[in-house]
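The structure appears below as structure tokens.
Since every read-out is calculated from the coordinates, none of them should be taken as a lab result. Given the structure is predicted, the values throughout are model-derived calculations rather than measurements. Cβ placement follows ideal geometry from the backbone for every residue including glycine, while neighbour counts extend to all protein chains displayed.
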Amino acid sequence: MIRFELAPSPALAAAIVLAHGLAALAAWTALPELSGILLAFALAALGVAAAWSRALLRARGSLRAIELEGGKAVFELAGGARMQAPAGGRRYVARHLLAVPLGGPLGRTALVTADMLRPGEFRRLRIWALWNRQPA
């Protein structure tokens, strides 16, 4: 069994907050009245909450560890819950990003960026995501 412990990603947090900040600015520009200001505030707050949960890994539902064994992957959340990814599920693998759908009633997806793991570990996780097995 191989276990990957995830670290917070300040770069991903900054990207999430920036994207939501730009959306807030666009909403405020399009709706300069009170409704636009409230929408902009809500979008900015959503960005902070998403960064806190998904990038900084501070919420109970944040992904904390990944365990691989025999082609199966178990994702451990900060609150102690464990979720297993479907064996034949679609995965998105890029040079600096990995997304694995976990299924379930909420259709949750595990998102891992390169700075959440050491380079060798991230490479091994990418190989698993592409080929559903670990390198020798």
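Please give the net charge around Ala73, taking every other residue with its beta carbon less than 13 angstrom from that of Ala73, where Lys and Arg add +1 and Asp and Glu add -1. The partial results should precede the final answer.
Values: positive: Arg3, Lys72, Arg82, Arg91, Arg124, Arg126, Arg133; negative: Glu67, Glu69, Glu76.
Surrounding charge for Ala73 is +4.
Return one number: the angle in degrees, 0 to 90 and rounded to the nearest 10, between the long axis of the Cα atoms of helix 34-50 and the longest principal axis of the Cα atoms of the chain.
In the chain, helix 34-50 runs at an angle near 20 degrees to the longest axis.
Could you tell me which of Thr29, Leu63, Ser53 has its Cα farthest along the dipole of the chain towards the positive end, charges placed at Cβ (Lys, Arg +1; Asp, Glu -1), taken about the Cα centre?
Of Thr29, Leu63, Ser53, it is Leu63.
How large is the dipole of the stretch 43-117 about the Cα centre if only Lys and Arg carry +1 and Asp and Glu carry -1, each at its Cβ, rounded to the nearest 20 debye?
Numbers: 10 positive and 4 negative charges, 30 e Å.
Dipole of the stretch 43-117, to the nearest 20 debye: 140 debye.
Return one number: the angle in degrees, 0 to 90 and rounded to the nearest 10, between the long axis of the Cα atoms of helix 119-131 and the longest principal axis of the Cα atoms of the chain.
Long axis of 119-131 versus the principal axis of the chain: about 80 degrees.
Going by alpha carbons, how many degrees (0 to 90, nearest 10) lie between the helix axis of 10-30 and the longest principal axis of the chain?
30
In the chain, if the dipole is taken from +1 on Lys/Arg beta carbons and -1 on Asp/Glu beta carbons about the Cα centre, which of Ala11, Gly80, Gly120 is farthest to the positive end?
Gly120
Give me the mean projected area, in nm² to one decimal, of the convex hull enclosing the Cα positions of the stretch 38-101. Mind dumping the intermediate values first?
Numbers: hull surface 23.0 nm².
With every direction weighted equally, the projected area is 5.8 nm².
Looking only at Cα atoms, what is the convex hull volume of the chain per residue, in Å³? Each step should come with its number before you reach the end.
Working: hull volume 15.7 nm³, N = 136.
Once divided by residue count, the hull of the chain is 115 Å³.
With charges only on Cβ, +1 for K and R and -1 for D and E, what is the dipole size of the chain about its Cα centre, in debye, rounded to 20? List each step's numbers first, then the result.
Values: 16 positive and 7 negative charges, 105 e Å.
The calculated dipole for the chain is roughly 500 debye.
Using Cβ contacts closer than 10 Å as the measure, can you line up Met83, Met1, Met116 from fewest to most?
Values: Met83 15, Met1 8, Met116 23.
Ordered by Cβ neighbours within 10 Å, fewest first: Met1, Met83, Met116.
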